[in-house]
Structures are given as C-alpha cells and as structure tokens.
Amino acid sequence: MLSDSVILIAGLLFIAAALGYVFARFGDDADEAKPADPDKLNSDYIKGLNFLLNEQPDQALEVFIRMVEVDEDTLETHFALGGLFRRRGEVERAIRIHQNLIARPNLTGEQREQAFFALGVDYLGAGLYDRAEKLFLQLGESDTHKEAALLKLIRICELTNDWEKAISFYETLEETGSLPESPDHIAHYHCQLAEMAMMSGEMDEARTHLDVADGRALETIRTRLTQANYSQAVGEHEKAIGLYERVISLEPRLASEVIPGLARSCREINKPDELTRILEELKSNHGQARDAIALATIRDQAIENPVALGCLKEFVVTHPVLSTLADTEHLNDADEAVQVATLNRVRAALAKIAMQSARYRCHECGYATMELLWQCPSCREWETVVPAQQLALGSMLS
C-alpha cells in the first residue's frame, strides 16, 4: 500500500503539472520568454509521478531534477518536493534537489536566496550545523530572508549551546522589530551562562549575567529561580526565601521543584515558621498544592516540616493505590512514634520509586524527562516543562 506521504507528493505534483500546463498553454502571449513545450512538460511529470507511485523516489528525483533544466516554471514545484523529502526524513534527497537549483545559472537573486535558505534548512535537519550556519549568515543582509535566517541561527546556537552567539543574533533580531513571543530568550541565555558560571565557581560572573537577565523587560520564572539558587549558594538565605516564594506565586506547578531549596534556606537561618507559613498559604490557595508538597517531601528526605509531613500522610492514606499497599493502620495509630516510623518507611520506599520515573513533563506536547529543562527538546517551547503531577506516580504503581 502506498504511504500517505507518497500520495501527498504525487497529488501536489499532479496539481503543479496541471497548473504548469495551463500557464504554458494559455499564458500571456506578450511574454518574451519562450514557453516550455507543454507536451514535454506533461510527459516528464507523468514519468516522475509514475516513479513516485511505484515507490521509486530516486528515479523520480532524477526526472524532476532534469525538469529544472527544461522549464523555469517548475521551480516552486521543486522547492515543494525538496521540502516534502525533508519532512519525510529523506534529507539527502532534499539536499540534492536544492543544490541542483543553486547550480542553475539563470536563477534570479531572490530565487537563489530561496534556494540557499532551503538548503540551509536541509543541512540543519541533517545535523550539519556548520554548513547551515554559513548559509544563514550569507542571508543576514537579505531583505526577504533576514529574519527567518536569524531565527535559524538562534536555533543552531541553542542546539550547540553557544549562548553568547545566541544573544548576539537575538539582539540583531530585536533591532528588526520582529521577536518571538515571550518568554524572553535572552533572559534564558544569560541564566544558562549564569548557571555554567556557578558550576565553575565563578560567582561574580554569574551575578553579572543574572543582573542582565533581571534587567530585561519581561520577567521570567527561570530568572527568579536562578537568582534564588544563586542567593542560596552565596549564603543570602533571606533573599533566597523571598525569591523561591516568588517563583511559587508565578508558577505553582513548580512548587515540588522549589520547596526543597526553600526548606534548605529556612533551615540554614533557623526559620522553620517561615517555611510553615509559606506551605500553609500554598496549600490554602492552590488545589493541587498538597500533592506537590508531598512529592517534594518524598524526594527530599531532609524535609521534616510538620505541614509537609502532614501533606505526605494525607497523600498516602487517600491515594487509591498507596492506601492499599501502605500500613495505613499504623499511619493512623495513636502512638506518634509509630506513625513517624511508618511514614518514614513509606517515604523511603516512595523515594526509590520516584527516582525511577520521569520527574518532569512538558504540558504542551507531553515530552517526559528526568531533569528540569527550560526549553522542551520536542516542541521547542520555553518554560513548558514542569514537575510531573503526582497522579503519574500513582498510575505507575497501579
């Protein structure tokens, strides 16, 4: 049975052939350019379509490439064919089509730029980032493709972790007045550089990058969380607590990610009541906060806050699966020591299970990962990866 993509290609080319025939047959007689022989054009299209329908893409490719030499009106059809090959994962065939177009001496400047851009996208899809970057840089002065080329260059920098160049390209894009939707990419790039500097112990450099990120017009969750982690690392725990609380207010779904850091800073300055206040407000204001607090308590064995432990206990005894597996009788025992010992055993067991499951998930496309990623590798959206909801843990146990 023919694949859907082959049928799609065949359909598009058939339409292009029909339009080409009509324009060649009934076009403007005053046109100085000599029209292609419609019989020859139709014959080549039929030949190519037959090859595609018989699952012989290489033979079809040869026919369509030869057609470029026959008639310039087929140019857009070849761009469409190259794009379809690329989307099918047949990047080598797409590259061949676009390289052949570039080799044509009679292309206009705009057509050549279009071919260069298409070839750059081919190289990008094939992971040939150096070749793609060279082509997109050539298009940096193009009136038609400048913005699209900058976006592709930024994409290459993100893939290769070249954050300094990403900032430079993004600033150039800002000057054009055409920017991607929020959140602010430059803030993310500076946060990335700040995190790298912190890992290397370059705290002054980290602070510089965070100051730039903080000075951007749009507030990002990542900037606040990275600032909180930085403040904690340099011993500014009061500031860290305020920043962690700000992150929770901006994105409650990150609560299970933020609570361990928040608890640590409260312990460092001996302010357990501050943690209690924040957890109680969180639980009161957000319906799923109890489970988020419970999950944080499972993953961070150092958390001993009574509100956190209470949320963990409620989570276990009300869960449809855990309540049948855990020793709920002893969790409800009048003897507090027995309750604590039982809860600690359950907590340790759940920590092992949680370590083996995906901790984060993109709420846009569903991509699952073991670490917090600020840009989803699947859909490429920013700030869409959040801690997996606690029900995911329950479904795993079931």
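Every number here is computed from the coordinates shown, using simple stated rules; none is lab data. Model, not experiment: these values are computed from the prediction. Cβ coordinates were reconstructed from backbone atoms using ideal geometry, including for glycine residues, and neighbour counts include every protein chain displayed.
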Rounded FRET efficiency, nearest 0.05, which uses the C-beta distance separating S249 from S168 and R0 of 51 Å: 0.95
Can you list the GluC sites (Glu not before Pro) in the stretch 121-194 that are in a DSSP coil and have 12 or fewer other beta carbons within 10 angstrom? E181
Using each residue's phi in the stretch 382-387, evaluate 6.51 cos²θ - 1.76 cosθ + 1.60 at θ = phi - 60° and report the 3J(HN,Hα) Karplus result to the nearest Hz, with x for Gly and Pro. 9, 6, 10, 8, 10, x
For D211 and E76, compute 0.36 nm times the residue count separating them, minus their Cα-Cα distance, and round to one decimal in nm. 43.8 nm
Given R₀ = 41 Å, FRET efficiency for T318-E219 by Cβ-Cβ distance, to 0.05? 0.70
Rounded to a whole number, what is D in µm²/s for the stretch 215-295 from Stokes-Einstein with the Kirkwood radius over alpha-carbon pairs (37 °C, 0.692 mPa s)? 259 µm²/s
Where the centroid of each part is defined by its Cα atoms, how far is the stretch 113-166 from the stretch 280-296 in Å? 44 Å
Each label sits 7 Å from Cα toward the beta-carbon; between T108 and A358 the label points are separated, in nm, by 4.7 nm
May I ask which of K271/K352; K239/K313; K283/K313 have a Cα-Cα span longer than 24 Å here? K271/K352; K239/K313
FRET efficiency (A348, E236; Cβ distance; R0 35 Å; to 0.05) is 0.60
